[in-house]
Protein chains: 2
Amino acid sequence: MARSPEGDRDVEEQRVTTYRIAVIGGTGPQGKGLGYRFAKHGHTVVLGSRAADKAESAAGELNERLGSSDVLGASNVDACEGADVVLLAVPYDGHDELVATLPLDGRTVISCVNPLAFDKRGPHGRVVDGGEGSAAESAQRIAPESVVVGAFHHVSAVTLWGDADYLVHEDVLVCGDSDEGKAVAIELARCVTGRDGIDAGKLRLARQLEPLTAVLISINKKYKVHSGIKVAGLDA
Amino acid sequence: MARSPEGDRDVEEQRVTTYRIAVIGGTGPQGKGLGYRFAKHGHTVVLGSRAADKAESAAGELNERLGSSDVLGASNVDACEGADVVLLAVPYDGHDELVATLPLDGRTVISCVNPLAFDKRGPHGRVVDGGEGSAAESAQRIAPESVVVGAFHHVSAVTLWGDADYLVHEDVLVCGDSDEGKAVAIELARCVTGRDGIDAGKLRLARQLEPLTAVLISINKKYKVHSGIKVAGLDA
């Protein structure tokens, strides 16, 4: 699945692989922001959307920012063609139905889907499968011939889309049952934070990582910030 | 509920209130560690345990470390007498039954209880009330005349018991439905991190904070560290 490096734009010494990455939901803020970061660091990005023309328009926006013409747009299904990595960056509503339409066999699938609900008391986690499931686990069940990992749940879309080269004060937490799959997301985290993501355990821990975003949204509202998560104690 | 400052040992400029704090489960590592930090910063700590003699023995251990005789030990029920704050630092097994025995009316109750389960695949969150509950919410339901907040879930007991004056690289996340209750835990966080805890939203977000500890335990095992959580973006 790995490809040899192509081009030398922003290639870091530590990065060894260039991926072709399909961003499902690539016109949404999280998908577009992550696509921007991945493309900026030399990966080939194909933004996907339900409507190909919307994806192409978002790709044009990224190309303009990047001064390139490398970012592509396509329908969600077409975006997956030839992709090494498929990033699921879609709302939880309709998630399962959408995932079932995608050709994911043999691909590394990274889910940053956050099943959240909002009411007058603020944001909170939605209960998936009676508390014993998560969006990432649902995707793995629906696409058993893919390797699903959870990652990039907590990075603010606003910050991703901002000018900072790295979000050095945040960590990307990666969960999954395949070490090989996790290694891909751990490496891609470098495009966002400038360093490896953190192996946070098995895929079922997506039950904890996904709804944690509700806490960050609460903090954002209270303190008027774009908060993220950092794991303390790793540098000791 | 607030008392005037007593003594001047380790009193920080920013701290304005001295509390009498009952630590339920005060002989366990988390309870003893937090009790140590609170006592070190001038609060009156009463360690509680099912057996008063065990609590007295743990209190003796704290007094020896602190060079004081101020830390007390008592049965869990007796420890609550006269307490401003009751810290629940007990295992989730038997939690509800124990809470029901405690005189909590009118007190600020801080729950750092983590409903976790462990199997051969590692730690994960236990499902409380079909995914729509948490230990903190259970405590609030059982003791409706108390004010329950969730906090201190993620601080490693090993680190609490260590020599560092502060755990400056970690944050204490506080959730609750009462701003007054949250203010107490936010202030007490200073004893641990050297600065205010973070208001993380409503009490129901304990559903997210409590099982996050499973992720930290996974990280600890993988990287051989004592990890904690820091919220990024607040200092910006």
Starting from a label point 7 Å past Cα on the Cβ side, list the distances from residue B:163 to the same position in the other copies, nm, shortest first.
4.6
Per residue of B:209-217, other chain Cβ atoms within 10 Å number on average 5
On average, how much accessible surface per residue is there in the protein assembly as shown, in Å², for a 1.4 Å probe, leaving out ligands, DNA and RNA?
40
Subtracting the Cα-Cα distance from 0.36 nm times the residue separation, let me have the gained length for residue A:235 to residue A:105 in nm, one decimal.
43.1 nm
Where Rh denotes the Kirkwood radius from the mean inverse Cα pair distance, what is Rg over Rh for the stretch A:48-119?
1.01
Label-point separation (nm) for residue B:222 and residue B:161, each offset 7 Å from Cα along Cα-to-Cβ?
2.6
Which aspartates and glutamates does residue A:221 reach when only Cα atoms under 20 Å apart count, and residues fewer than 8 places away in its own chain are ignored?
A:119, A:170, A:210, B:171, B:177, B:179, B:180, B:196, B:199, B:235
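Any chance you could list the semi-axes, whole Å, largest first, of the equivalent ellipsoid that the Cα gyration tensor gives for the stretch A:160-205, using √(5λ)?
Each semi-axis is the square root of five times an eigenvalue, giving 22, 10, 7 Å.
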Subset of A:222/B:224; B:120/B:224; A:40/A:224; B:54/B:230; A:222/B:230; A:222/B:222 violating a 24 Å alpha-carbon distance limit:
A:222/B:224; A:40/A:224; B:54/B:230; A:222/B:222
Give me the summed buried accessible area for the B-A pair, 1.4 Å probe, to the nearest 100 Å².
3300
Pseudo-label separations to other copies for residue A:177 - Cα-to-Cβ vector, 7 Å, nm
3.8
Can you give me the Kirkwood hydrodynamic radius for the protein assembly as shown, using every pair of distinct Cα atoms, in Å to one decimal?
23.1
For the rotation that brings chain B onto chain A, whose beta-carbon in chain B is nearest the axis, and what is that distance in whole angstrom?
B:131, 1
Whole Å is fine, so just give me how far the alpha carbon centre of the stretch B:158-226 lies from that of the stretch B:18-92.
19
Per the charge dipole of the stretch B:126-170 (beta-carbon charges, Lys/Arg positive, Asp/Glu negative, Cα centre), the residue among B:146, B:133, B:161 reaching farthest to the positive end is B:133
Kyte-Doolittle at least -0.5, axis length at least 20 Å by Cα - qualifying DSSP helices, chain A
A:206-223
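Expected output is a single nm value to one decimal: the length gained when fully extending between residue B:97 and residue B:68, i.e. 0.36 nm times separation in residues minus the C-alpha distance. What is it?
Numbers: separation 29, 0.36 × 29 = 10.44 nm, distance 3.37 nm.
Using 0.36 nm per residue and subtracting the Cα-Cα distance, I get 7.1 nm.
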Let me check the size of the stretch A:120-228 from its C-alpha atoms; what are the radius of gyration and Dmax in Å?
14.5, 43
Find the relative contact order for chain A and round it to a whole percent, using C-alpha pairs within less than 8 Å whose residues are 6+ positions apart.
16
Can you give the Rg to Rh ratio of the stretch B:47-183, both from alpha-carbon atoms, with Rh computed by the Kirkwood formula?
0.97
Once the stretch A:186-236 is represented by equal point scatterers at the alpha-carbon sites, with solvent omitted, what log10 I(q)/I(0) does the Debye formula produce at q = 0.23, 0.31, 0.32 Å⁻¹?
-1.08, -1.11, -1.11
Would you kindly compute the Cα radius of gyration of chain B and its largest Cα-Cα separation (Dmax), both in Å?
16.4, 50
Working note, the stretch A:22-64: Cα radius of gyration (Å, one decimal) and Dmax (Å, whole number) are 8.9, 26
Where both residues lie in the protein assembly as shown, what percent of DSSP beta bridges are antiparallel, nearest 5?
30
With runs of 4+ DSSP H residues as the only contributors, calculate the mean residue ellipticity of chain A at 222 nm using -39,500 (n - 2.57) per run, divided by the residue total and rounded to the nearest 500.
-10000 deg cm²/dmol
With labels modelled as points extended 7 Å from the Cα through the Cβ direction, what inter-label distance (nm, one decimal) is found for residue A:50 paired with residue B:57?
6.5
How far apart are the residue A:194 label points across copies, placing each 7 Å from Cα toward Cβ, in nm, shortest first?
2.2
Note the full-extension length gain between residue B:180 and residue B:168 as 0.36 nm times their separation in residues minus their Cα-Cα distance, in nm to one decimal.
1.9 nm
Only Lys, Arg (+1) and Asp, Glu (-1) charged, at Cβ; the stretch A:140-184 dipole about Cα centre in debye
200
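The values are calculated or read from the model by the stated rules, or taken from the named source; none is laboratory data. Please read these numbers as outputs of a predicted model, since none were measured by experiment. Every residue, glycine among them, receives a Cβ derived from its backbone with ideal geometry; neighbour counts consider all protein chains shown. These area figures cover heavy atoms from the full protein model, side chains too; ligands, DNA and RNA do not enter into them. Shrake-Rupley method; radii C 1.70, N 1.55, O 1.52, S 1.80 Å.
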